[in-house]
Structures are given as structure tokens and as C-alpha cells.
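Visitor: Provided herewith is a single structure, encoded as C-alpha cells, for subsequent inquiry.
The values are calculated or read from the model by the stated rules, or taken from the named source; none is laboratory data. Everything numeric in this text was worked out from a predicted model, so none of it was measured. We place every Cβ from the backbone using ideal geometry, glycine too, and count neighbours over all the protein chains shown. Side chains included, ligands, DNA and RNA excluded: accessible areas come from the protein's heavy atoms. Shrake-Rupley method; radii C 1.70, N 1.55, O 1.52, S 1.80 Å.
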Protein chains: 2
Amino acid sequence: MFFFIIMMAAFGLTYARLCAGLNPARVCDGLIGRRTGLLMHLTRSLSGMTISQIDEEVAKLLQLKAQIGGDEGKHVFVLKTPKGTRDYNPKQMAIREKVFNTIISCFKRHGAETIDTPVFELKETLTGKYGEDSKLIYDLKDQGGELLSLRYDLTVPFARYLAMNKITNIKRYHIAKVYRRDNPAMTRGRYREFYQCDFDIAGQYDAMIPDAECLRIVHEIMSELELGDFRIKVNDRRILDGMFAACGVPDDKFRTICSSVDKLDKMPWEEVKNEIVKEKGLPEEVADQIGEYVRMQAGGMELAEQLLQDPKLSKSKAAVAGLTDIKLLFSYLQLFKVTDKVVFDLSLARGLDYYTGVIYEAILTQAGVAPPPTPQDANGSAGDDGPVSVGSVAGGGRYDGLVGMFDPKGRKVPCVGVSIGIERIFSIMEQKAEVSAEKVRTTETQVLVASAQKNLLEERLKLTSELWDAGIKAEVLYKKNPKLLSQLQHCEESGIPLVAILGEQELRDGVVKLRNVASREEMDVSRAELVEEIRKRTSQS
Amino acid sequence: MFFFIIMMAAFGLTYARLCAGLNPARVCDGLIGRRTGLLMHLTRSLSGMTISQIDEEVAKLLQLKAQIGGDEGKHVFVLKTPKGTRDYNPKQMAIREKVFNTIISCFKRHGAETIDTPVFELKETLTGKYGEDSKLIYDLKDQGGELLSLRYDLTVPFARYLAMNKITNIKRYHIAKVYRRDNPAMTRGRYREFYQCDFDIAGQYDAMIPDAECLRIVHEIMSELELGDFRIKVNDRRILDGMFAACGVPDDKFRTICSSVDKLDKMPWEEVKNEIVKEKGLPEEVADQIGEYVRMQAGGMELAEQLLQDPKLSKSKAAVAGLTDIKLLFSYLQLFKVTDKVVFDLSLARGLDYYTGVIYEAILTQAGVAPPPTPQDANGSAGDDGPVSVGSVAGGGRYDGLVGMFDPKGRKVPCVGVSIGIERIFSIMEQKAEVSAEKVRTTETQVLVASAQKNLLEERLKLTSELWDAGIKAEVLYKKNPKLLSQLQHCEESGIPLVAILGEQELRDGVVKLRNVASREEMDVSRAELVEEIRKRTSQS
């Protein structure tokens, strides 16, 4: 409480300074309106704020201060990307491309097509799909016209796409950014803007065959990315529902209890139980019964077999259907040779509302993959993740009802899919790249057109143009008379393997001096043979 | 006016029905608040609405109606993408990939790296960069935290990136979606969410060399995409400014007069003049003087030479600097062999505030490239484009002051760049693909694992898994006992060239019957040699 009083005083001070330094002529109505609203908002709700919310208010005030000119009336920008987002520099892009290529190759190996959808949807399209997570959706401002929200995942837009185009069969992947107003923990790869790589199979098929392929895909991608050991947890919404019913949870609380159980990978059972009893209002003995199930040792087909004999669960039709399918799923997974990494785990819940059957999640199990919080994380300015969790890097499941929610006649299209959470993977790869200190090239330039003498700009441009015409990746420095040394340095820095050097003598002889940057060897090559020679030398490397 | 009264009555009716059919128990406070706000908004501002705004209000009302349940209390979705946006289906994605590959190859040939930035920026970052177009920026709702806007182009985020990371030299490309609340005309490739493909060169270099490379890049891309004949118009902000000054335009009106002149490709001079005199308040004789310049026949180096002799322009330092650079630019363009398509055109203005030097724009000149408006366009429901214009497909210029606007110490980083407006190009390519009726494959699957007999699902899955292990792109139907015919049909439809057929006999013999879908030839291949055989056959095609 003491802390809040301090914060309040600090805000008051900032605000008073802000007002004192104000040049009324420069402040438009809109700004005054905003500022007053902000102050009211602050005084009204300060006592209930979290550290992260306070950070956001501070950021907003600073931004406002910059807008109205600050103390000296100087226009100062807040030079940053929005909270929870980042730029990708050329090196990070090179890593990103590599990861995407691995994932896309896998999706294509499984015969998937690809689609794309807009970054925002009608707000209504997202309503009622995400349960308690809906509060994390970014809305657009009402500027006249439709009410819009940024997509929260790629699954709901996919379902909307299927219903809108009356598609009943498709196997597609979609790689795009999604948006969640969550607490970011960026060093651990948790962002507010992040990529998802989704693979989904829509259509009425025989049980568990497409589901098994999704798990096989997770297994392939996780193996190929070489991120260390991993495990894929599997469960089924029907088993969870049957279990909740058997334990005495009322029907209308299944989803919210699911959300609580979903937190078991981040907090101990005692805290989850506390939430179930105190926040969600279930009797303690109900919570205890749930606890007995969700704390069972994860297993395989034999655990499903054992639970089918469970006196309470065997009375639930939903649970029996789910357990029977889990058995069938494991039989296919054996054929796909991926059972080494897959476990049936009753504690896996996944919070999203739309799942109806099998659900799964891949986690990295190797110690040390989650980087320790940096000072930035720790003081909360970039958010806080709570206890360090071994990160989930992929997840998905079956959602047979979602497309029907969009179809005017409620026609169902059964779907199952998986989403690869790529940002955590990027973080790990970037750290690996930093440690290895291997030089990553960020361009593909084959040759720099250079000269050692003055007044040869025109000749350099002409030769460069000829090389471009021939499809050679060529650069030329944008200086009239660059020094040879700075031309060679540019090659060293960006890894360009060859330099084509022009001089008066070479021009008279109709040749170019072709220099290998690494070995420093030079050789005269006739203009007519230059393209072929460059191709030959750079195809070897 | 009559039309507005009708619309008002229609709104009233819809609204009354909405209220009558209302089930109060199902309506939360938020909805009631929104509805009242909407009604007030409607009654307040109806008389000033355009057709497009009315469409948007109707859409909003329908969306609201769906949200609160409509007449029958049924939950009906508005099944559409937001106004001015679209999905890409797999065929469109295939075309998109092809266009991107052409463009990216060109950027890489010129030695560019790539970066990425978030889809939204701090609102403040975009403020004051787009002149009169700022009203088209999408803002995000204030949900607590920073005030954000969707990026309007890739240039301002690039400048922010350079300043934030203190980068003074880079040649980079960036391909990503940008957002403008403009009037869409989707059949002509004008969207509210659209891709830009940007190439920019930042750094202090000798005059006009990077500028010439940007124009060469436009020339290469336009030629390689084979969209028909094109022209690249070039002008310079300093020439425009010098011309405005010479004609007696006050300094503080340069930018707004630029915006007016920029409309010359869409409307006749008389209308532009009207805007300059009536809306922007300049004397008629000033407008007439501007008119004399901007209606001059476009030319090349000789036009620059001629204007350097112009008694009024030659007195303006800015105009002389601009004209001298245009001459130098054309000399480099000659070396780059692109002067066949480039013209110096005094009527080219480009509306954006941040340009400081050379500006350019590429247009398609071939008749018939702009498809006629569809009924959807014509009735305004998808917006209206005004008179059909031969579309601009690329544009750019020099912006030496933009990075300095972000740098705390105002340090300048001179920049020049070009942006390819890819959506119009997609539209044209899609129409071409439809006309040619050539079948576009949307997957890369090499082989379908099939069987003609029952009860072989497990064997099919096992073989498919083996093929995936070997990196073969393989599919299997998700049915226990699919008919051979439907398996073959799937191959025909999606262009899969080979079928690997399993039967009891084949299993006993340790072979697979490999069938060529096109020729219907079948051949037994041993399991050990299957992978090699599939590779051999599909590498040929």
C-alpha cells in the first residue's frame, strides 16, 4: 500500500509539471480532453493498479508529454517500438527465414496449401471464441465504419474463411502475426505481436487420422529445429469434461475450471486449487477430486486403458469417448514412430473455448532453455512472467464446432490443427547464433564493382549495369572517387566474395581485374567472359 | 437531400425494430452504452454523410444487430472480411509468391538486406509525417497503455528504426502490409490493407547515384513482371517549391498546393485549379501560373536544360539545385540504360510531406489494364475510385529530413527509396491467370499413398511415414477404407503426379505399385528402391 501512495505522489508531480510547462496555444482541444480523461482515469483507479499497469500509464504520460512539448516546449519523441513488440534487424531476419523455411518445408511435405487473411477482423467475429482470454484482444478505435479487432490467433480467421467460402475440405498452413495484450516477457520470447505458424486439417474424416498427422508434424518440426529434447502432452476436452462432471463441477463452470487447470504448468496445484475454490466458488472436496486426476502421472495408451476402468470416469459418455480416441490415436502414433515424445497427461487443459476433442502442447524439457530474467524483465518494465516455466512452443487440438458458429445454417466442418509458437524458437536460435559467433551473411551480393583510380564512376556504373542485366548480384559504392581500401573493407564487412576492379589500363585492354577477397588473388578476365567467371566462382562457395 | 431523408427513415426503422426485438436480459451495459452512442452519432451527423459513410453506418448497425441477437433473438454473424480487405485463397497465394520472388530477387541482386518492424507504432511516431493524408491512419482503441496506430507506410517505421538504432548506412528492403482508411476500389487493386515492397538506401553519398539505382530497380521489376508498357515520371520537390515560390504561393502553402497538384493524374487541370483557388484560397493568377508549368510536355534532360533558362525559375536557388540534379540523374540513367521509360514531368507532385528532393512514380500506360468497375464498385458498397485512372504501381523519392525528425539531436541521415504497390500488380496477374486457364498447383505433393483393398489403413500410414522420413512430399487419405477411384480423383484434382498403391500381394512381395497419374502406367517397385524412384520421377517434371 505504501508503494501505491509513493506512485500516486510521483504521478501527481509529473502531472503538475506537465501542466505548469504547458503552452496553451500549442494544445488542441483533443489533447486537453485526453489529458483530463487520463487524470480522472488515474485518480479513479490508481489503488487497484498492478506494476505493469503503472508502467503503461507512465508510458502514456510520457508520450502525452512529448506530444504537448514537455517543459521546454521542445518536441521530443519517445523513440521506441510499442510495448511488447520489436524490430527484426537483418541478422534476426536471416535466422527467421531459416526457421520459416524448415517449418514451411514440413507443411509442404504433408501436402498443405497456404492462405492469408486480414490482420483485423470484425470485432464480432472474435467475440465468444476465447473465453477469459478475450480481454487480451486489441480493438481498433471507432473512427466511423465497422468495429474491428486485431486477430488473436489464426484459427478463428481460418474458421471464418471456411464458413464464408463454404469450404468443407482443406489442408492449409498460414504463417502470420497475431496480437495479444498480454504481459510481455521479451527475453523469453513472449511478445504482444508474434508469429504463429498454423497447420490445420478441415473435413469429415475417420477418427484420429488427421489428429495423428498433426502430432507427427509437431514431432518433425521440433526435431528438425534441433532445440533440444521436447515432450508433447496430449489430452482430450471430453475427458476433462467427463472428469469435471464426475467430480461434481456444474456444467456451466467447465470452461472456467479448464482455464484454472491450464495454469498447472505455471503454478503449483495448491494455487490452482485456491483459485478453483476461492475465485470460482467450487466446494473444496470437488477441487480435491479434480486434483487427484490432474496430478496423475502422465502415461500412454495404458493410462487411457486404466482410466477406462475408473469407476467414476467410466460412467461418463464423454470421458469414455475421449479415452477410446486417445487409445486409437496412440496406435496411429506408433505407426508414425513418434510415441517416444508423446505423453497422455490429464493436467493438460488449454484455455481456449473452442476445443472439442483432442488437445496437445509441445514443451522443451531441456534445462537452461529458458533464459534467466534480465534486469529489464525483473523490474517489470517489460513485464513479468511469474515463475520461470519451461516454455510451450506448439499447441493445438480439435475444434469441431467453430466453423458451425460462423455458418448461417450452423453446418459443422470438423477441424484439427496445430500452431507453432515461433517467437520462443527465434529467441533460442538467436542466443545460439550469438554464442557460436559464426558470421551470418545478410546479403547475397556476389561481386563489388570497384576502381583504384579517380574519375571512373561512369565506367563502374556501366559495368555494374551489365552485371545486373546478366542476373549477377552486384554492388557499387555510391561515391564518385571511393578509396580502394574502403571498397575492399565493404566486401570484408558484408562478406562479398569477389571484387571486379576497373582501371585505365584494364579499360584499354578490355579486361577486368577480378579479385578474390579472402585469398587476395587477382586475375585479369576479359569483359566477355566476366559474367561466366563470376558465376563459376560463386556457385562453388 | 431526398436520398438522405430516405436513408434516415430506413435507419429509424431498423433501429426501432432493433429495440423492439431486444431481450434486455441478454444485453450487457456496454452494448446499451454503445447503442445509445451510435444513435446520437447518427442523428447528430446524418445530414453531412457521404454514401460511403452511410454504408459504413449500415454495416455497423447490422453488426450491432447481430451482436444483440436480431429480431428472433438468433445469433447471426456478419460473415465478411472488414471493408477494403480480402482473404487470399491458395491460388492467389501461389501468384503472390511468384510476384514476391521476382521482386525479392531484384532487391537481392542490388545487395539489399531485409528488416521487419511491428504492424503498429506509437501514434506519436506517425504524427506530422503524412500531411493531409493523416486522416487516413487507423488508430487503435485506448485500452490502457500506449496510444498506437497501424503503420501507414514502411518509410516512417524505417526512419524510426534508423534513428532508434543510430544506423547511418544501410540498403534494405521490407515487404509488409500497411493500412489506410481510404475509399477502397478492390477490383482495381485498391485496398485498405495492402502490401508494400520497399527498397531504400540510407547514407551520405554523392548526389543522384543511389537515386539512379532506385529508378533502375523500378525499371527491372516492371520489366520482369511483364505487365505491359510503363512509364516512370520523375520530378523534384525543390523544383516544385521553386516553381510555387516563383508563382507567388506563400511558403506555408507549398505542401497543401503539392497535394492539389498531385491529383492531376486523376482529375483535369480545371478541377485542380478550382481546388487551389476556392478551397486553398490562392488568387486565380497564381493558379494560372502554376498551371502553365504543370501542363508542360514531359521530357528528359533537355527539359531540365530549358527550365534552367526560364527567367522565373532560374532565380530560385531551390529550383536550380533540383534542375541540376535532374540533369545529373538522367546522365546516370543513361549509363543504366533505362532512359527509354523515364520522363521528367513537372506535374508529378506526390502528396507525402516527407519528400525533400527527387520524386518518382511508375504508371502502366497500356490501355485496358484497369478493369472496368464491377456492380459492387459501382453501387459504392466497396467504394468508388472516381474517374478510371491509369494506375500508379510504384513510387518513391528522396527524404533527407525524416530520420532527423526522430533523432534526439536532429542528426540527419539522407535517404532515398522506392515502394512497389503490389496489390494492383496482383490484380492484373490474377486476371491474366484466369484468362489463361492454366492450372496452378497449390501444393507440391509428389505421391499419394493409396490402396485398392480394405483394411490396409495401417500399412498406408506406415509407408507414408517412411516417405516423410525420407523427405518425400506424401499424402494419404484420412479414411479407413477409401475407394481407389476417390484416391485417384484426389490426385487429378490437386495435380499429384504419382500414386503408390499397396495391396495384399504387394505387401507379400515387398513391393509397391507406382502409378503415373497422367499416363496411367503402373510398375512394381521394391520398397527399398521406392524413395529413389519417386525422387527420380518427380525431379524430371
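A quick yes/no check of all residues on (1) facing chain B (nearest Cβ under 8 Å); (2) charged (D, E, K, R); (3) within 22 Å of residue B:146 (Cβ to Cβ); (4) open to solvent by 10 Å² or more (accessible area, probe 1.4 Å):
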position	(1), (2), (3), (4)
A:78	yes, no, yes, yes
A:84	no, no, yes, no
A:94	no, no, no, yes
A:112	yes, no, no, no
A:115	yes, no, no, no
A:118	yes, no, no, no
A:123	yes, yes, yes, yes
A:126	no, no, yes, no
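Visitor: OK, next. Restricted to region B:128-139, and to residues that are under 30 Å from residue A:182 (Cβ atoms) and touching a residue at least 40 places away in the same chain (Cβ under 8 Å), which residue is nearest to the other protein chains (Cβ to nearest Cβ)?
Guide: By that ranking, first place goes to B:138.
Visitor: Moving on. Restricting the search to region A:214-246, which residues are surrounded by fewer than 20 Cβ atoms within 10 Å (Cβ to Cβ) and in a helix (DSSP H, G or I)?
Guide: A:223, A:224, A:245
Visitor: Then there is this: Spot the failing condition for residue A:105; the list is (1) in a loop (DSSP other than H, G, I, E, B); (2) farther than 25 Å from residue A:350 by Cα, and only one is missed.
Guide: Unmet for residue A:105, out of (1) in a loop (DSSP other than H, G, I, E, B); (2) farther than 25 Å from residue A:350 by Cα: (1).
Here's the yes/no breakdown for (1) out of contact with any Phe, Trp or Tyr (no Cβ under 9 Å at 6 or more places or on another chain); (2) surrounded by fewer than 16 Cβ atoms within 10 Å (Cβ to Cβ); (3) at negative phi; (4) of a type in the set (Phe, Trp, Tyr):
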| site | (1), (2), (3), (4) |
| --- | --- |
| A:467 | yes, no, yes, no |
| A:474 | no, no, yes, no |
| A:485 | yes, yes, yes, no |
| A:497 | yes, no, yes, no |
| A:500 | yes, no, yes, no |
| A:508 | yes, yes, yes, no |
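Visitor: Out of region B:255-271, which residues are of a type in the set (A, V, I, L, M, F, W, C) and either outside any helix (DSSP H, G or I) or farther than 19 Å from residue B:361 by Cβ (or both)?
Guide: B:267
Visitor: While we're looking at this one, here's another question. Of these, A:142, A:182, A:211, which one is more than 7 Å from every other protein chain (Cβ to nearest Cβ), touching a residue at least 12 places away in the same chain (Cβ under 8 Å) and open to solvent by 10 Å² or more (accessible area, probe 1.4 Å)?
Guide: A:182
Visitor: Would you mind stating whether residue A:498 is within 14 Å of another protein chain (Cβ to nearest Cβ), among the hydrophobic types (A, V, I, L, M, F, W, C) and in contact (Cβ under 8 Å) with a residue 12 or more places away in the chain?
Guide: Answer is yes for this residue.
Visitor: Looking only at region B:432-475, filter to residues that are closer than 16 Å to residue A:334 by Cβ and not charged (D, E, K, R); which one of those is farthest from the chain's Cα centre (by Cα)?
Guide: Filtering region B:432-475 for residues that are closer than 16 Å to residue A:334 by Cβ and not charged (D, E, K, R), the one farthest from the chain's Cα centre (by Cα) comes out as B:457.
Visitor: Looking at (1) within 14 Å of another protein chain (Cβ to nearest Cβ); (2) in contact (Cβ under 8 Å) with a residue 40 or more places away in the chain; (3) part of a loop (DSSP other than H, G, I, E, B), which is the only condition residue A:340 fails?
Guide: (2)
Visitor: Further question on the same structure: When you go through A:161, A:152 one by one, which is the residue that is without any contact (Cβ under 8 Å) to a residue 60 or more places away in the chain and assigned to a loop (DSSP other than H, G, I, E, B)?
Guide: Criteria check complete, one pass: A:152.
Visitor: State whether the residues of region A:467-490 include one that is away from chain B (no Cβ under 13 Å) and without any contact (Cβ under 8 Å) to a residue 24 or more places away in the chain.
Guide: Within region A:467-490 (the criterion being away from chain B (no Cβ under 13 Å) and without any contact (Cβ under 8 Å) to a residue 24 or more places away in the chain), the answer is yes, since at least one residue qualifies.
Visitor: Let me ask you something else. Considering region B:118-133 alone, what residues qualify as being in a loop (DSSP other than H, G, I, E, B), within 19 Å of the chain's Cα centre (by Cα) and either over 20 Å from residue B:401 (Cβ atoms) or of a type in the set (Gly, Ala, Ser) (or both)?
Guide: B:118, B:119
Visitor: Right, here's the next one. Please verify whether residue B:147 is without any contact (Cβ under 8 Å) to a residue 60 or more places away in the chain and either closer than 22 Å to residue A:194 by Cβ or more than 9 Å from chain A (Cβ to nearest Cβ) (or both), treating the condition exactly as stated.
Guide: Considered against the rule, which asks whether it is without any contact (Cβ under 8 Å) to a residue 60 or more places away in the chain and either closer than 22 Å to residue A:194 by Cβ or more than 9 Å from chain A (Cβ to nearest Cβ) (or both), residue B:147 comes out as yes.
Visitor: Further question: Given the residues B:362, B:349, which is the only one that is touching a helix residue (DSSP H, G or I) at 6+ places or on another chain (Cβ under 9 Å), under 30 Å from residue B:185 (Cβ atoms) and assigned to a strand (DSSP E or B)?
Guide: B:362
Visitor: Still on this structure, I have one more. List the number of the failed condition for residue B:289; all other conditions in (1) part of a strand (DSSP E or B); (2) open to solvent by 40 Å² or more (accessible area, probe 1.4 Å) hold.
Guide: For residue B:289, the failing item is (1).
Visitor: Scan region A:159-168 residue by residue and report those that are facing chain B (nearest Cβ under 10 Å) and not basic (Lys, Arg).
Guide: Scanning region A:159-168 gives A:161, A:163, A:164, A:165, A:167.
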